[in-house]
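K.L.:
Encoded as structure tokens, here's the structure I'll be asking about.
The values are calculated or read from the model by the stated rules, or taken from the named source; none is laboratory data. Because the structure is predicted, anything quoted here is derived from the model rather than measured. Backbone-built Cβ (ideal geometry, glycine too); neighbour counts: all protein chains shown. Note: accessible area is taken over every heavy atom of the protein model, side chains too, but ligands, DNA and RNA are not part of it. Shrake-Rupley method; radii C 1.70, N 1.55, O 1.52, S 1.80 Å.
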Amino acid sequence: MMPVFWNHVTAFQLNINGKIDKATLRNKAWIATTAQAGQPLSNIQQILMNEVARIIGLPSINIDLDLIDDVGLTSLQVMQIPADLDSSGFTCTVDEIYRYRTIRKICDQHLYRISFWYNDPTEHPDRPVIIYICGYRHFAYNEELCRQFTDTYNIFVIEGFHNIFCFQQSDTTTPQLLQLYRLIVTPILQQYRVVAYMGYCLGGEQALPLAHDLHNDQAPGQKPYVIIIDGEVRRDKDPDHYIPLRWPVFTQQQNQQRLQLDLSLISTFPDEKIYNGPVASFLCRYFDEQQAWTPEEQLTIPQWKMDLYRHRHQITPQLWRADYPQADIITLEGSHYTCMHSPECLRVISDYVHAHCK
């Protein structure tokens with residue numbers, strides 16, 4: 001708790017309100033702390049820098065300063081950073097802050113944390129592997145499902161695309177995302193026996209073209225299952241049909257950037273890549289408007305857009321049967337927003353996976 005910098009003054013100047021004018025107390029050390037050097041910050045650097053600066057009450061922080069020794073973060077402030085950033089798409093831990101120390105190094109490590117093992121495969125190297133691709137929501141939202149399989153399978157998780165790209169300004173296409181997925185998955189395929197690709201919502205939808213690229217040329221008995229939980233087989237690509245995001249944990253600009261990324265991926269989804277291996281599509285029976293939109297949103301969203309969403313839900317089974325007549329279509333007694341927390345829905349998915357993915 002000792003100060004890092006001392007500033008010696010002969011008198012305190014007051015502002016027009018009779019309070020100490022803090023601007024006059026700034027010295028070379030303060031300027032060095034708040035100034036940036038070199039190239040403009042990347043988006044993830046900007047996000048982490050803004051959070052640290054907000055916590056300590058400065059307009060900015062030099063990203064090459066040691067956050068503990070130079071900036072003087074307390075242990076409580078260090079613990080606050082991961083908690084406050086959890087919903088932003090930037091994931092870091094207290095251990096990483098103490099280990100890498102500077103904003104630049106922490107962000108560099110973030111680039112290598114877009115996939116991980118949910119359970120340690122070295123403890124049971126002979127177990128089959130399920131590759132779980134996160135979709136719109138981060139992995140914690142799906143942990144209840146993956147917990148169903150840890151006694152039988154090793155689970156390899158690829159983070160959701162929002163976590164990977166973390167509010168980047170430029171558009172990202174589905175082919176670019178799939179190229180990144182292939183780079184991540186290929187070493188896993190070379191070392192382990194992958195029996196299934198699984199994902200919820202957009203994560204499951206992305207698993208289909210990924211499996212197409214990696215396994216379509218294999219013999220029928222060698223192809224892994226693709227298991228999609230309440231996802232669409234063909235997305236509506238008209239951007240005017242989508243409702244603006246109003247997630248309260250994000251700023252308006254961040255919500256716009258998240259929607260832009262969603263639409264960029266959806267509009268470039270490769271419909272021609274039909275996976276010819278085994279497919280299981282779990283579809284929720286109910287369309288829950290109360291969960292989909294807040295009462296305030298229901299007053300402002302055009303009725304025709306809400307009707308369109310409801311219609312897409314109703315015709316999704318038909319679209320699946322048209323593109324994947326060989327697929328197993330299983331109904332879940334829940335809605336899109338409740339199925340991942342429903343013991344009954346989780347049991348149905350778990351029973352199917354254990355029976356088919358061996």
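K.L.:
Need the list of lysines near Lys237 for cross-linking: C-alpha distance under 23 angstrom, and skip anything on the same chain fewer than eight residues off.
P.N.:
Those lysines meeting the cut-off are Lys273, Lys305.
K.L.:
HN-Hα J couplings of the stretch 13-21 from phi, Karplus 6.51/-1.76/1.60, θ = phi - 60°, integer Hz, Gly and Pro as x?
P.N.:
Per residue, the Karplus-derived 3J(HN,Hα) values read 7, 9, 8, 5, 8, x, 9, 4, 7 Hz.
K.L.:
Quick one: longest stretch of the chain between exposed loop GluC sites (Glu not before Pro), exposed meaning at most 11 other C-beta atoms within 10 Å and loop per DSSP? Present the calculation step by step, with values, prior to reporting the outcome.
P.N.:
Numbers: sites that count: Glu123, Glu272.
Result for the longest clean stretch: 124-271.
K.L.:
Need one number: % antiparallel among DSSP beta bridges in the chain, to the nearest 5.
P.N.:
Details: 4 of 29 bridges.
Just about 15 percent of them are antiparallel.
K.L.:
Separate question: Quick one: pull the percent of accessible area on the chain belonging to carbon and sulfur, 1.4 Å probe, ligands and nucleic acids left out. Intermediate values should be presented prior to the final figure.
P.N.:
Values: 9660 of 18380 Å².
Solvent-exposed carbon and sulfur of the chain make up 53 percent of the total.
K.L.:
Just from its helices, what would the mean residue ellipticity at 222 nm be for the chain, if runs of 4 or more DSSP H residues each count -39500 (n - 2.57) and the sum is divided by every residue, rounded to the nearest 500 deg cm²/dmol? Present the calculation step by step, with values, prior to reporting the outcome.
P.N.:
Working: 14 runs with 149 residues, N = 358.
Taking each H run of at least 4 residues, the total per residue is -12500 deg cm²/dmol.
K.L.:
Using a probe radius of 1.4 Å on heavy atoms only, what accessible surface per residue do you get for the stretch 184-243? Whole Å² is fine.
P.N.:
On the way: 2260 Å² over 60 residues.
Per-residue value: 38 Å².
K.L.:
Build a GNM of the chain with springs between Cα atoms under 10 Å: which of Arg234, Arg99, Arg312 gets the top mean-square fluctuation?
P.N.:
Highest fluctuation among the options: Arg99.
K.L.:
Over the chain, what is the relative contact order in percent, taking alpha-carbon pairs closer than 8 angstrom and at least six residues apart?
P.N.:
Details: 494 pairs, mean separation 48.2, N = 358.
Answer for the chain is 13 percent.
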